[in-house]
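As structure tokens, the structure follows; a few thoughts come after it.
The values are calculated or read from the model by the stated rules, or taken from the named source; none is laboratory data. Since the model is a prediction, treat every value here as computed from it, not as a measurement. Reconstructed Cβ throughout: ideal geometry from the backbone, glycine too, with neighbour counts over all protein chains shown. To get the accessible areas, we keep the full protein, side chains included, count just its heavy atoms, and leave off ligands, DNA and RNA. Shrake-Rupley method; radii C 1.70, N 1.55, O 1.52, S 1.80 Å.
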Amino acid sequence: MIPALAISAIVVLIVSLLLPFVLRPLLTRLGVVDVPNLRSSHERPVLRGMGLAPLMAMLAGYMSFVLLLASTRADSIIVSVGVLSLAAGLLGWIEDVRGLPVRVRAAAQLAIGVAASAALQGSGSTPMWLVPIFAIGIAGYINVANFMDGLDGISGLHGVVVGATYGVLGLIFGFPWLIAAGGILAVAFLGFLPWNLMRGGVFLGDVGSYLLGGSIGIVAVAALMHGVPLVAVLAPLTIYLVDAGGTLLKRILKRARWFEAHREHLYQRIQGSGIAHLRVAVLTASLSAVAGGFGLVAAVNLSGWWVSALGVLAVTAAYLAIGAWILRSPGERLVPGVAGVGARSDLMNSGEGHSAGSLSRRMRTETSTEIFTAKGNEYMSEPKQIWIVNHYATEPAKDLQAGRHYFLSQHLPSVGWQATIIAASTTHPRGKQTHRRFQQRRMLKSGAALFVWLRSNSYEGNGPLRVLNMILFTASLLAPGSLRGLKRPDAIVGSSVHPLAAWGAMRLAKRYAVPFIFEPRDLWPESLVALGRLKRGSALEILLGKLELKLIRGSVGVVSPLPGVGKYIEGLGIDKPFSWVSNGVDVPTHLPDIAAVEDRDFTCMYLGAMGNANALEPILLAFNDFASLPGNERARLRMIGDGPKRLELADLAAGLACGERISFEGPVPKSDVIYMANQADCLVANMFDLEIYKYGISLNKLFDYMYAGRPIIFAAKALNNPILESDGGICVRPNDQQQIAQAMSQIQAMTPAMRLQMGIKARAHVMSEYSYLELAGTFGRALDRASATFLEEPLPAVAAS
């Protein structure tokens, strides 16, 4: 047996040490990342799921041990222990990659406990009535190991200590299967430790913590069934059991939200006082080893078990006393219960899909956490978490531009909210895929916001593939585990760039039992009907209308960049709180000077998307009329941007008499838009003459134009008109080629000083009325009002999903 044990141990160590080289790129492609939250002890996203390495190592170890003993005895106990321990790890892997609803996960854990207890019961003399008790114990310890897996090295060292203790117990009682099970467990987690402790290390993930808890629980039950004393079996587990169990009991007694993620475990509070991860891990492992030593004494001297029990109790008391002493020392940082934030709960690792229908509405939404610091007695309020679901949200690194939600999110922390923006992996409007093959999710901390991109299909134009892109994004949004690892939201905004994504956001809000705020940026189906893409009374128009009504009625408040949406909702016969939060501009640290420009070609410029809704043909035709006038031979029109209409527009320009003076240039980064616009003598925008604009407009390009400090020609008829408000340009009828050409002539005829004055007015107005710093305050107040409304509503029963 000794050669079999030695060979198995070597196999386990080699696999555990070397397999991470293979797993690391795989986990990176799959996007299995642990994002920091208030429960976390790390400060940056870290790869998790590396528990696959000890899992595969243990599989190799069990197989080699059984095969090497095949000529004498293939022990059924070691097979049962090995198979069911690995099953616990595989359950954790599913949780890491896809996520599972709470009830499914709890049922699976209990099923593993039942299967293990039933399989092992036949090999011993245990009464059948103990099987359910042992099953609950196994499922419980899976969760204990998961709760305690919060510091670098703590789980690896726990596996080494407990495995080694059980291996020695096997030697004492002459159980080869116990020697092998303990040794394989210890060596597998020993091999993982360097990867966890190294700089830029990796995490076990649920696959590792489930494997650890399942293996220990199953081996412990097997040992008890074969007569190993209770004190000896539980001794190395007491530190974990007391920390996890005591914390859970304390939270229940003080009526805290015990199912939510938090940092109230003693080991977390010790680490939070400023002690390094490894030192805390070594402390818990050392005390577990001492307690395990007392357990071994009980195994050798059965009649003196009570002495060993007293020793174990003394070690446990020492752990609590050391923790209390550390936390009372100078620099203490106590972190009380963190409600509503984090990736994992403290019961069955509730993760993404938990429900709190039986709790009060206030407990579900009070997520601001006070952190007490002894030094200076200062209090800080943790911001509440807002998830913003916007299929087409743009971010500078991914899209070379940034939009409404990016800029709002940068200022929301100043009003008590922290944003996570959930968008698709494709760019808009081109539909280009930005994810690597097989990558399902990618996350990036961009300034004050966390961006989460979920995989959807690529597309071109507005055909069926774009519709499929909408459907797949919504499916990814609602898929179990797709948002795992994020801080739990306190409210969710659904932005209806298309209504399907907003509907997905509403479903998420119900899942988390938090307020849903609807943000219609376009009115569906009214916008499509107005643009002639949808026929009034068609089945799709009726369906979209009903979906819009459902979103409005299912929200606690409506926010929109269109000022007339409140009246639109009233016209539907619905009474909902409404807040107008316009698009705007973000003030950089350095602005290009607004200077009078002389001695250059008169340059008109358009910057923005080139799609069907942008009404660009009249601009090209108007410029052709303007440039054909005597004296305008050097006039130029620069079209900067991209979109599905760009090639068609370029063909149109090529056929015009002055088409050679119309240039098409690619999109520029958002940070360069103002500087690019500053090169123009006038900036042009046109809109269709549509009834839908009676509810307002909020064109991003318009605010960029104003910020650039150049005269603006704006052809539109709408409820609001920032150019008219500011006197920063010339406003003409929408889609009117002749009037746009006349406006070009008017601005050309102005002196440089007159143009300069017009640009100064435009910039001053947009900075005072449409700064994202101020708009974020309005948005934050709307979120606060929505949360308050949510508290006042009757509490519905919310089913777990």
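Overview of results
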{"read-out": "Residue list for the stretch 288-326, filter: open to solvent by less than 10 Å² (accessible area, probe 1.4 Å), modelled with pLDDT under 90 and under 38 Å from the mean Cα position of the chain (by Cα)", "value": "G323"}
{"read-out": "Any chance S40 is assigned to a loop (DSSP other than H, G, I, E, B), among the small types (G, A, S), modelled with pLDDT under 85 and within 18 Å of V207 (Cα to Cα)", "value": "yes"}
{"read-out": "Any chance I471 is open to solvent by less than 10 Å² (accessible area, probe 1.4 Å) and outside the structural domain of R103 (by the TED database)", "value": "no"}
{"read-out": "Number of the condition not met by F192 [criteria: (1) buried (at least 24 other Cβ atoms within 10 Å of the Cβ); (2) among the hydrophobic types (A, V, I, L, M, F, W, C); (3) in contact with a Phe, Trp or Tyr (Cβ under 6 Å, 6 or more places away or on another chain)]", "value": "(3)"}
{"read-out": "Selection count, the stretch 224-234, where residues are over 15 Å from G137 (Cβ atoms) and either outside the structural domain of W306 (by the TED database) or among the aliphatic types (A, V, I, L, M) (or both)", "value": "2"}
{"read-out": "Tally of residues being open to solvent by less than 40 Å² (accessible area, probe 1.4 Å) and either among the charged types (D, E, K, R) or at pLDDT 90 or above (or both) across the stretch 444-468", "value": "11"}
{"read-out": "Answer from A776, A685, A786 - the residue that is outside any helix (DSSP H, G or I), within 38 Å of the chain's Cα centre (by Cα) and not hydroxyl-bearing (S, T, Y)", "value": "A685"}
{"read-out": "Lone qualifier among E691, E633 - being under 40 Å from the mean Cα position of the chain (by Cα) and surrounded by fewer than 20 Cβ atoms within 10 Å (Cβ to Cβ)", "value": "E691"}
{"read-out": "The stretch 760-777 - residue that is open to solvent by 40 Å² or more (accessible area, probe 1.4 Å) and of a type outside the set (K, R) and, of those, farthest from Q418 (Cα to Cα)", "value": "I760"}
{"read-out": "Residue within the stretch 700-720 that is in a loop (DSSP other than H, G, I, E, B), open to solvent by 40 Å² or more (accessible area, probe 1.4 Å) and of a type in the set (A, V, I, L, M, F, W, C) present", "value": "yes"}
{"read-out": "Search result, residues across the stretch 534-549 that are surrounded by 14 or more Cβ atoms within 10 Å (Cβ to Cβ) and either over 17 Å from T474 (Cα atoms) or not assigned by the TED database to the domain that holds L486 (or both)", "value": "L534, E541, G545, L549"}
{"read-out": "Candidates R263, R269, R279 - the one that is open to solvent by 10 Å² or more (accessible area, probe 1.4 Å), farther than 30 Å from G82 by Cα and not in a helix (DSSP H, G or I)", "value": "R263"}
{"read-out": "Which numbered condition M348 fails, given (1) within 30 Å of G99 (Cα to Cα); (2) in the same structural domain as D243 (by the TED database); (3) modelled with pLDDT under 80", "value": "(2)"}
{"read-out": "The stretch 610-630, subset in a loop (DSSP other than H, G, I, E, B) and either in contact with a His (Cβ under 8 Å, 6 or more places away or on another chain) or at pLDDT 90 or above (or both), residue farthest from L690 (Cα to Cα)", "value": "P630"}
{"read-out": "L500 being farther than 22 Å from K717 by Cβ, open to solvent by 50 Å² or more (accessible area, probe 1.4 Å) and either under 28 Å from the mean Cα position of the chain (by Cα) or at pLDDT below 95 (or both)", "value": "yes"}
{"read-out": "Sole residue being open to solvent by 30 Å² or more (accessible area, probe 1.4 Å) and of a type outside the set (A, V, I, L, M), chosen from D681, D672", "value": "D672"}
{"read-out": "For Q757: the one exception among (1) in contact (Cβ under 8 Å) with a residue 12 or more places away in the chain; (2) open to solvent by 20 Å² or more (accessible area, probe 1.4 Å)", "value": "(1)"}
{"read-out": "Residue under evaluation V202, criteria (1) assigned to a loop (DSSP other than H, G, I, E, B); (2) open to solvent by 10 Å² or more (accessible area, probe 1.4 Å); (3) within 18 Å of A145 (Cβ to Cβ), criterion not met", "value": "(2)"}
{"read-out": "Filter result (part of a loop (DSSP other than H, G, I, E, B) and either modelled with pLDDT of 95 or more or surrounded by fewer than 17 Cβ atoms within 10 Å (Cβ to Cβ) (or both)) within the stretch 636-656", "value": "G655, L656"}
{"read-out": "Residue match in the stretch 22-35 (condition: of a type in the set (A, V, I, L, M), at pLDDT below 90, in contact with a Phe, Trp or Tyr (Cβ under 8 Å, 6 or more places away or on another chain) and assigned to a loop (DSSP other than H, G, I, E, B))", "value": "no"}
{"read-out": "Failed item, numbered, when V732 is tested on (1) surrounded by fewer than 21 Cβ atoms within 10 Å (Cβ to Cβ); (2) within 29 Å of S628 (Cβ to Cβ)", "value": "(1)"}
